[in-house]
Amino acid sequence: MKPGDTLTVMAESLSKHGDGVGVYEGVEIHVAGLLPGETGDVAIDYVSKQRPRAHAQVLVRRNTHPGRRPAPCRHHGRCNGCALMDMDLPSQRELKRVELERTWGIMIDRLVYDDREGRGYRFSSKRVFSGSPGRIKLGSYMRGTHNVADMQGCLVDHPDIADCADELAEVTSELRCVPYDETDGGGDLRYAWFKTDGHGQVVLAIITAEPCHSAVFDIAARLQRPAGIAWGSNGGTGNDMRATTLRPLRGRQTVEIDFGDLTAHFGPLGFLQPNPHIAAVAYHDLVRVPAGGALHGRTALDLYAGAGVTTRLLRRSFTHVGACESFPESARALGCEPMLVEEFLARLLSDPHHLHRNPELVVANPPRGGLGQTVCDQLNELAAPRLHLMSCSPASLVEDLRRLTGADGRYRAIGARAFDTLPQTNHVEVVVWLVGRSD
Ligand SMILES: C[S@@+](CC[C@H](N)C(=O)[O-])C[C@H]1O[C@@H](n2cnc3c(N)ncnc32)[C@H](O)[C@@H]1O
């Protein structure tokens with residue numbers, strides 16, 4: 001197989017980027033624009049030398065998925081944010097359920113979703129500055145490149161954020177600001193982080209390449225819409241869009257978000273699950289048993305606690321709650337020292353008299369990479385009676401479950417549920433309930 005070859009392939013599943021994936025003579029073919037169940041004549045663009053994988057584009061689609069629709073977003077195709085925009089919402093949900101079961105072997109009791117139309121649900125959003133002086137755009141990196149796709153009028157961002165992003169593009173264009181150039185490291189403006197409370201209050205963090213000599217003061221003086229603005233710098237060459245330090249420029253520096261019966265405060269760069277409506281259901285389920293009953297006890301741990309929504313839920317029914325979070329802004333909000341989970345668990349395991357040494361419940365909501373071997377080993381050693389995981393990556397979740405429930409593991413899974421926090425995308429959040437095993 002080589003670039004330029006054409007062949008006929010049926011997509012059977014979906015890649016993590018939302019491409020249809022079929023197999024042709026033992027080679028996985030990833031086809032942008034083909035939905036699972038669709039067959040297409042495709043042209044090979046690229047063949048991997050490392051593994052039996054190729055990438056292709058559709059020439060002719062031979063059949064059409066019954067849920068296929070014209071993508072409602074005009075940026076779809078260039079912006080890679082919403083891989084499932086070509087499908088109606090019921091088909092997206094069905095696909096997510098099937099993918100979890102068939103591709104990852106994760107059997108869920110249900111997929112929790114919002115009845116609304118899957119638009120305007122993102123209460124947090126990151127954008128990349130691009131364009132040229134006088135014509136600034138705010139968008140997202142196109143897959144595998146540093147080219148930026150415009151996101152003006154993004155349909156999934158909350159309208160508060162879309163308005164603020166429009167104003168920011170307008171003001172920075174008028175001021176003839178210079179966007180950062182990934183190729184030569186020149187320029188000023190790099191990223192913009194937006195968070196809204198959903199009621200018109202937006203906090204904006206502007207990240208520049210340099211810690212000084214920036215146009216941010218002029219920009220902050222001109223912007224009307226954000227309730228608060230902060231400034232950070234990031235001179236790194238990687239894909240990390242955060243800044244190491246943040247300086248308030250004006251206004252409020254947190255947004256207050258409702259998660260059902262509790263509210264929490266989030267700073268400009270701390271982790272905020274983009275869809276608080278559905279996340280609220282997931283958080284409440286995470287601290288309970290699968291059937292919904294509340295747990296009570298003396299000690300619980302909240303690992304990867306973020307700004308502490310689950311920590312506060314746990315504090316309602318446990319006397320001692322040990323929370324661990326490494327990002328300083330979030331750890332500060334929790335009232336604890338920023339620490340890696342690996343370090344937190346190592347300290348606890350080495351001290352039999354530690355206040356949190358024998359938790360009845362451990363809740364863990366790691367980032368995309370999952371818990372990993374070290375933390376799974378530590379959790380096995382801890383052998384808590386209950387371990388509740390929340391994951392945004394089925395791939396790493398499956399690896400972690402193998403470590404926790406396999407021959408060397410100390411747990412068994414008693415249930416799993418999925419949450420459609422990001423409609424239009426192929427992402428899904430999963431909660432898995434585990435209990436300790438005595439063998
Ligand atoms: C998926 S978020 C979950 C946050 C929170 N539980 C929530 O739902 O809002 C993962 C969090 O883990 C933190 N984190 C990432 N790696 C970590 C590590 N090794 N130790 C401690 N915290 C970590 C991140 O800063 C982030 O706040």
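The values are calculated or read from the model by the stated rules, or taken from the named source; none is laboratory data. Fair warning: this is a prediction, and the values are worked out from it, not measured in the lab. Every residue, glycine among them, receives a Cβ derived from its backbone with ideal geometry; neighbour counts consider all protein chains shown. When the accessible area is computed, the model is the full protein with side chains, heavy atoms only, and any ligands, DNA or RNA have been set aside. Shrake-Rupley method; radii C 1.70, N 1.55, O 1.52, S 1.80 Å.
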Does segment 372-383 contain any residue that is under 16 Å from THR405 (Cβ atoms), open to solvent by less than 20 Å² (accessible area, probe 1.4 Å) and more than 15 Å from the ligand (Cβ to nearest atom)?
-> yes
What is the residue count in segment 334-375 for residues that are in a helix (DSSP H, G or I) and hydrophobic (A, V, I, L, M, F, W, C)?
-> 8
Flagged in segment 170-205 as open to solvent by less than 10 Å² (accessible area, probe 1.4 Å) and under 22 Å from VAL156 (Cβ atoms), in numbering order, are TYR191, ALA192, PHE194, LYS195, THR196, VAL202, VAL203, LEU204, ALA205
Go through segment 6-45 and give me each residue that's of a type in the set (D, E, K, R), more than 22 Å from the chain's Cα centre (by Cα) and open to solvent by less than 20 Å² (accessible area, probe 1.4 Å).
-> GLU38
Considering every residue within segment 307-315, establish whether at least one is more than 11 Å from the ligand (Cβ to nearest atom) and outside any helix (DSSP H, G or I).
-> no
Segment 320-331 - residue that is of a type outside the set (Gly, Ala, Ser) and free of Cβ contacts under 8 Å to residues at least 24 places away in the same chain and, of those, farthest from the ligand (Cβ to nearest atom) | VAL321
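The rows are residues; the columns are (1) in contact (Cβ under 8 Å) with a residue 60 or more places away in the chain; (2) out of contact with any Cys (no Cβ under 9 Å at 6 or more places or on another chain); (3) not assigned by TED's automatic domain parsing to the domain that holds ALA416.
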{"residue": "THR103", "(1), (2), (3)": "yes, yes, yes"}
{"residue": "PHE129", "(1), (2), (3)": "yes, no, yes"}
{"residue": "GLY153", "(1), (2), (3)": "yes, no, yes"}
{"residue": "PRO179", "(1), (2), (3)": "no, yes, yes"}
{"residue": "GLY185", "(1), (2), (3)": "no, yes, yes"}
Restricting segment 215-228 to residues that are in contact (Cβ under 8 Å) with a residue 12 or more places away in the chain and under 15 Å from PRO248 (Cβ atoms), the residue that is surrounded by the fewest Cβ atoms within 10 Å (Cβ to Cβ) = PHE217
Which condition number does ARG51 fail, the rest of (1) in contact (Cβ under 8 Å) with a residue 24 or more places away in the chain; (2) over 25 Å from ARG119 (Cβ atoms); (3) in a loop (DSSP other than H, G, I, E, B) being met?
-> (1)
When HIS353 is run through (1) more than 11 Å from the ligand (Cβ to nearest atom); (2) open to solvent by less than 20 Å² (accessible area, probe 1.4 Å), the failure sits at (2)
In this structure, is ALA413 assigned to a loop (DSSP other than H, G, I, E, B), touching a strand residue (DSSP E or B) at 6+ places or on another chain (Cβ under 6 Å) and of a type in the set (Gly, Ala, Ser)?
-> no
Yes or no: GLU337 open to solvent by 20 Å² or more (accessible area, probe 1.4 Å), of a type outside the set (Lys, Arg) and within 12 Å of the ligand (Cβ to nearest atom)?
-> yes
Looking only at segment 277-304, which residues are open to solvent by 10 Å² or more (accessible area, probe 1.4 Å) and within 9 Å of the ligand (Cβ to nearest atom)?
-> TYR283, TYR304
